[in-house]
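Note sheet for the following structure.
The values are calculated or read from the model by the stated rules, or taken from the named source; none is laboratory data. Owing to the predicted nature of the structure, the values given are computational and were not obtained by experimental measurement. No Cβ is skipped: glycine too gets one built from the backbone with ideal geometry, and neighbour counts run over all protein chains shown.
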Amino acid sequence: MNTDKIYAESIANEYSVKRTSKVVALKKLDRRAKLPANIFTYSFGIASSLLLGLGMCLAMNVIGNQTAFQFVIGIILGITGLVGCGINYPVYIRIKQNSKDKYAEDIIRLATEITNENN
C-alpha cells in the first residue's frame, strides 16, 4: 500500500506546476557568463586551424601551382594561423574573466541566498 502512495505522489509531481529553483537559476547564470568566451574560442580556433592548414597546403604545393609567391603566401598564412592558435587560450581567459566580472554580483547574491536557505 505504501508503494501505491509513492506511485501516486510521483505522478502528481509529474503533472504539478514546476517552479524554477534558485539552483537552476544559478546554473543558467553560470552558463550565460561562460557562453561568449566559449563561442569566441571555438570560432576563432577553427578559423585559425583552417588558416594554418591552408598555409601548409600552399607552402607544400598541395594546391595551386608551384611558384615562389605561393610558397611565401603559404608561409605567411601558416604563421598567421599558428599565432591565432597560440593566442586563442589567453584571449579566452580574458573574455571569460570579463564576462564573469559582469555577472559576479548576481551569481554571488543568488549563491548566498541558496546557502542561507540551506542553513
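Numbers at a glance
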read-out: Output for region 63-79, where each listed residue is assigned to a helix (DSSP H, G or I) and either touching a residue at least 40 places away in the same chain (Cβ under 8 Å) or surrounded by fewer than 15 Cβ atoms within 10 Å (Cβ to Cβ) (or both); value: A68, F69, V72, I75, I76, I79
read-out: Any hit, region 67-75, residues being within 30 Å of R94 (Cα to Cα), of a type in the set (A, V, I, L, M) and more than 30 Å from the chain's Cα centre (by Cα); value: yes
read-out: Residues (polar (S, T, N, Q) and either in contact (Cβ under 8 Å) with a residue 60 or more places away in the chain or in a helix (DSSP H, G or I) (or both)) located in region 44-62; value: S48, S49
read-out: Filter pass, G86 being part of a helix (DSSP H, G or I) and either hydroxyl-bearing (S, T, Y) or free of Cβ contacts under 8 Å to residues at least 12 places away in the same chain (or both); value: yes
read-out: The one condition in (1) exposed (fewer than 13 other Cβ atoms within 10 Å of the Cβ); (2) modelled with pLDDT of 95 or more that Y92 fails to fulfil; value: (1)
read-out: Region 4-36, residues that are part of a helix (DSSP H, G or I) and farther than 24 Å from A104 by Cα; value: D4, K5, I6, Y7, A8, E9, S10, I11, A12, N13, E14, Y15
read-out: Residue in region 47-55 that is within 21 Å of the chain's Cα centre (by Cα), under 30 Å from D106 (Cβ atoms), at pLDDT 85 or above and surrounded by 16 or more Cβ atoms within 10 Å (Cβ to Cβ) present; value: no
read-out: Of the criteria (1) of a type in the set (K, R); (2) surrounded by 13 or more Cβ atoms within 10 Å (Cβ to Cβ); (3) free of Cβ contacts under 8 Å to residues at least 24 places away in the same chain, which one K28 fails; value: (2)
read-out: Residues within region 56-87 that are of a type in the set (A, V, I, L, M, F, W, C) and within 30 Å of A104 (Cα to Cα), tallied; value: 2
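Condition check ((1) farther than 14 Å from G81 by Cβ; (2) surrounded by 11 or more Cβ atoms within 10 Å (Cβ to Cβ); (3) among the polar types (S, T, N, Q)) across all residues:
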{"position": "Y15", "(1), (2), (3)": "yes, no, no"}
{"position": "L35", "(1), (2), (3)": "yes, yes, no"}
{"position": "N38", "(1), (2), (3)": "yes, yes, yes"}
{"position": "G45", "(1), (2), (3)": "no, yes, no"}
